[in-house]
């Protein structure tokens, strides 16, 4: 029963992927969130000082309030960028920081690294539980981890083969056309 549960969990993990998992905010993202708050505060002050429409003033106040939530979520940075004036906020370095934070925010954990870590945790728990079932579970999980690594190596080798032997790529695809939809999905995720 445990083997089936572990197989189902690992299979579901591989099929679902890591799109919903994210890394914790890094220093760049924390700096960007802090700058966003300072920018929203400055925008609200400028909108009020320039006697902008009531709607724009209300929007900038709302933006400032919303940006506080980002700061609370991300946490404060270790180093605070220059943000004392509107001109310092509009510095090119802050635009570059925002671009870098945007790029970092799109990063996701590698599915294989996560799967390997899950295997290691499961193996450790099995050993910790001990006994006959713990030993069997550890052996099973170790085999599953080795098989997962082998599958990755096979797919990576296939991709290299297709790139270096373009004339054989179509025949290779034909040979793989009878794969089940589940297998195709796993292979597609492993390629990316």
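Structure data summary
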read-out	value
Candidates 113, 156, 100 - the one that is without any contact (Cβ under 8 Å) to a residue 24 or more places away in the chain, part of a helix (DSSP H, G or I), surrounded by 12 or more Cβ atoms within 10 Å (Cβ to Cβ) and out of contact with any strand residue (DSSP E or B) (no Cβ under 9 Å at 6 or more places or on another chain)	156
Selected residue [surrounded by 12 or more Cβ atoms within 10 Å (Cβ to Cβ) and modelled with pLDDT under 55] from 8, 14, 35	14
Boolean, residue 138 is surrounded by 12 or more Cβ atoms within 10 Å (Cβ to Cβ) and modelled with pLDDT of 75 or more	yes
Test for residue 47: is it modelled with pLDDT of 90 or more and either surrounded by 11 or more Cβ atoms within 10 Å (Cβ to Cβ) or closer than 30 Å to residue 136 by Cα (or both)	yes
Number of the exception - residue 151 against (1) under 28 Å from the mean Cα position of the chain (by Cα); (2) assigned to a loop (DSSP other than H, G, I, E, B)	(2)
Residue 89 touching a helix residue (DSSP H, G or I) at 6+ places or on another chain (Cβ under 7 Å), over 13 Å from residue 28 (Cβ atoms) and assigned by TED's automatic domain parsing to the domain that holds residue 40	yes
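The values are calculated or read from the model by the stated rules, or taken from the named source; none is laboratory data. This structure is a prediction, so every number in the text was calculated from the model and none was measured. Note that we place each Cβ from the backbone using ideal geometry, even for glycine, and neighbour counts take in every protein chain shown.
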